[in-house]
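The values are calculated or read from the model by the stated rules, or taken from the named source; none is laboratory data. Small disclaimer: the values here were computed from a predicted structure and weren't measured. Backbone-built Cβ (ideal geometry, glycine too); neighbour counts: all protein chains shown.
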Amino acid sequence: MHARVLAIVLCGSFAAAAAAMAAAPQGNPEAAKLKNPVPANAESLAAGEMLYRRRCAGCHGVDAKGGPPKDAADPPAANLVDDTWEHGSTDGEIYTIIQEGIGPAYRMEPFGDRLSATDTWNIINYVRSLAKK
């Protein structure tokens, strides 16, 4: 009887640990070291807004609060102005996500071939400004 109770407790503990790991943010420590070299001034915010509306708003919404999935089997696009950043919340992590996408399914496709480094930093500055409102 004690062995059975112990087995149930252990299985429950492993299941809880696995669920916590699955729900834990999955940042990128190396990318987090990247620092945004572009000051968040009026010029950067204006450029970032234009680029965001052209490249990002179709999925993430004009207000950056997320958007409907492209496919019914996909989750909705991430809300970029809340406190939840599943893949890392530093400017460097966001930069890396925009440039490289999020694999393996690449629902967030890589934009490294379509956005320059400066363009990407401008988008980050703009999204950060939305989160402050």
Determine whether the range 118-126 contains at least one residue that is surrounded by fewer than 16 Cβ atoms within 10 Å (Cβ to Cβ) and assigned to a loop (DSSP other than H, G, I, E, B).
no
Tally time: how many residues in the range 17-47 are surrounded by 10 or more Cβ atoms within 10 Å (Cβ to Cβ), within 19 Å of the chain's Cα centre (by Cα) and either among the aromatic types (Phe, Trp, Tyr) or modelled with pLDDT under 85 (or both)?
2
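Looking at Lys70, Lys65, which is the one that is surrounded by 14 or more Cβ atoms within 10 Å (Cβ to Cβ) and either over 21 Å from Ala32 (Cβ atoms) or touching a residue at least 40 places away in the same chain (Cβ under 8 Å) (or both)? Can you show your working first?
Working: Lys70 fails: surrounded by 14 or more Cβ atoms within 10 Å (Cβ to Cβ).
Checking each option against the conditions leaves just Lys65.
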Among (1) under 13 Å from Asn125 (Cβ atoms); (2) outside any loop (DSSP other than H, G, I, E, B) - the single one Pro39 does not satisfy
(2)
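Take Arg4 and tell me if it is of a type outside the set (A, V, I, L, M), part of a helix (DSSP H, G or I) and at pLDDT below 95. Break it down stepwise before answering.
Numbers: of a type outside the set (A, V, I, L, M): yes; part of a helix (DSSP H, G or I): yes; at pLDDT below 95: yes.
It is true that Arg4 is of a type outside the set (A, V, I, L, M), part of a helix (DSSP H, G or I) and at pLDDT below 95.
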Exactly one condition in (1) surrounded by fewer than 16 Cβ atoms within 10 Å (Cβ to Cβ); (2) part of a loop (DSSP other than H, G, I, E, B); (3) at negative phi is not met by Tyr106; state its number.
(3)
